[in-house]
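The values are calculated or read from the model by the stated rules, or taken from the named source; none is laboratory data. Quantities reported herein were computed from a predicted structural model and do not represent experimental measurements. Counting neighbours? That spans all protein chains shown, and the Cβs are built from the backbone with ideal geometry, glycine included. Surface accessibility is based on the protein's heavy atoms, side chains included, excluding ligands, DNA and RNA. Shrake-Rupley method; radii C 1.70, N 1.55, O 1.52, S 1.80 Å.
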Amino acid sequence: MSAWVLPDHIADVLPSEARHIEELRRELLDTARGYGYELVMPPLLEHLESLLSGTGEALDLQTFKLVDQLSGRTMGLRADTTPQVARIDAHLLNRQGVARLCYCGPVVHTRPDRPHATREPLQFGAEIYGHAGLEADTETLLLALDSLRSAGLRQGVIVDMADARIVRSLFAGVPVDAAVLGRVHTALATKDASALRALTRDFPAASREGLLALVQLYGDASVLDEAAKVLPASAAVRDALSDLRQLASRLDGAKVSFDLSDLRGYAYYSGMRFGIYVDGVSDALVRGGRYDEVGAVFGRNRPAVGFSVDLRELVGVVPTRPLRAAIRAPWGEAAGLHAAIAALRGRGETVVRVLPGHDSEIDEFHCDRELVEHAGQWNVQAI
C-alpha cells in the first residue's frame, strides 16, 4: 500500500476548504461569545471510563480505544465532546450558578455515522449548565439559528423538534431488555410500523398504542394537538407537548416542524431535542437538546442543554466565499521595500512576495494590486 493513502473516511483538508472551515470556526465562536459563552478546550483523549461514563452503548461503539503507555490503562479518543464539558462543569469549574460553555475541536468515530461522512468531524458546540427552565432551551435554539445565519444560511432552514420524555413515558413500567429497546428505537426512527407492532405485541395496551401512534405524529404544529388526543394523558406527555408549543412560539418566525418519534443522536437526551435542516441536505446539520442527566456520573447532576454542528459538513452547504484580496510584491533588497511590506502587513493586508524565477502558485488569494517603486517610493497600485 502506498504511504500516502489515508484510511477510509479520513481525508486531508486542502487550502480552499481549510480556509473556509477556519473562517466558519471563528465566526461561530464569535457568535457564541456574543451570547456570553466561554471557550473550553477538552483533551482529545481521556481514560475510557471517564470518556464513556453515562453515554450509552452507541457512543461506546463509536469510540477508538488504545492503551496508555505510561499507566497501562485503557484510553479513548473522544467521539463526542459533551460528556467532557459536563465533567469540566462538574469537577473543574464547580460553579453554583449558570455556566455557558462553548468548544470547537475534532472528534473521531470508529465508523462514519452516515454514507460519505467523515470519521473525523470538527465539532462546534455550545452548552448551558445550571438552568432547568425553558429560557435556557430557548437561548440554545436561538444561538443555533444565529450560528447558521453567521455562516450564511438564512433561507430554507427548518427546526424539527421532539421530546425524549414522550417516548420515555410510554416505556414507563414496561419490562423490556436493552436489545428489544434498541430495536424499538430503530423502528420508531425509521417509522417501521409493522416491525414496531411485532416488537410491542406483549407490551401493555396503552404503551403499545402510544408507540404505534408516534409513527404518524410528524408534521406541522397540528401534530401537537393530535398527540394530545391519542397519547396517554400522563404528566410527562402534557409537559413535553406544552414545552414544545412554547419553544416553537419563541423562535422569531423560524419554520418549525415536529417529529415525536425522532430518537436519533445520543442516548443521554432527557427532554426537548431538535435537529436543524436546510434545503438540499437529507440529514440535520445541527443536533441538540436537553440532557439533564449527563453530569450525574461525575457527581453533579444539574440541568444542561446544548447543541453541536460538524464544521466539515457545514462547509459543504454554506455559500462559497470570495478569495481574500492580496498585494503582489517583488523579492529584493531595494531600499524601503522591507519597510513597505511590513507596514502593509501590519495594517492587515496580505502581501505575497514573488520568489526569484517563480510565479506564485496560489489559489486562496486574489492579487488585485501590486507593490511598485516610483521615484524611490514604494506604492500600491491596482493590477
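Tabulated data for the structure shown
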item	result
Cα-Cα separations in the range 157-278 greater than 17 Å, expressed as whole percent	53 percent
Sequence-distant residues sharing a close amide H with ASP163 (under 5 Å, placed H)	ARG273
Net +/- balance of residues flanking VAL354 in space, Cβ distance below 10 Å, scoring K and R +1, D and E -1	0
Burial ranking of peptide ranges 93-104, 333-344 (average Cβ count within 10 Å, highest at the top)	93-104, 333-344
Spatial extent of the chain: Rg and Dmax, with the Cα atoms as the point set, Å	25.5, 93
Percent carbon-and-sulfur accessible area, the chain, ignoring ligands, DNA and RNA, probe 1.4 Å	53 percent
Cα convex hull volume per residue for the range 326-382 (Å³)	77 Å³
Electrostatic dipole magnitude of the range 1-96 [Cβ: Lys, Arg +1; Asp, Glu -1; Cα centre; debye, to 20]	260 debye
Among beta bridges that DSSP assigns inside the chain, antiparallel share in %, nearest 5	75 percent
For the range 326-382, share of DSSP beta bridges that run antiparallel, in % to the nearest 5	45 percent
Other-chain or far-sequence residues with amide H under 5 Å of ALA126's (modelled H)	PHE307
The range 157-278: antiparallel DSSP beta bridges as a percent of all, rounded to 5	70 percent
Residue-normalised accessible area of the range 157-278, expressed per residue, 1.4 Å probe, Å²	45 Å²
Solvent exposure of the range 326-382 as accessible area per residue, Å², 1.4 Å probe	65 Å²
ARG183-ALA296 FRET efficiency (beta carbon distance; Förster radius 22 Å; 0.05 resolution)	0.25
Selected from ALA228, SER194, LEU217, residue furthest toward positive end of dipole (the range 157-278; charges at beta carbon)	SER194
Part-to-part distance (alpha-carbon centres) for the range 213-253 and the range 87-132, which is given in Å	28 Å
Inter-site label distance for GLU364 and ASN94 at 7 Å from Cα along Cβ, in nm	4.3 nm
HIS47 versus ASP30: modelled label distance in nm, points set 7 Å from Cα along the beta carbon direction	4.1 nm
Local net charge near LYS65, Cβ-Cβ under 13 Å (Lys/Arg +1, Asp/Glu -1)	-2
Dipole magnitude (debye, nearest 20) for the range 326-382, charges at Cβ of Lys, Arg, Asp, Glu	260 debye
Eligible lysines near LYS255 by straight Cα distance, threshold 17 Å, same-chain separation 8 or greater	none
On Cα atoms only, tilt of 337-346 relative to the major axis of the chain in degrees	20 degrees
Residue-averaged 222 nm ellipticity for the chain, from DSSP H runs of 4+ at -39500 (n - 2.57), nearest 500	-10000 deg cm²/dmol
Label point 7 Å beyond Cα of ARG353 along Cβ direction - residues of the range 302-332 with amide nitrogen under 20 Å	326-332
Segment GLU23-VAL230, extension gain: residue separation times 0.36 nm, minus the distance between their alpha carbons	69.8 nm
Other-chain or far-sequence residues with amide H under 5 Å of THR350's (modelled H)	ILE327
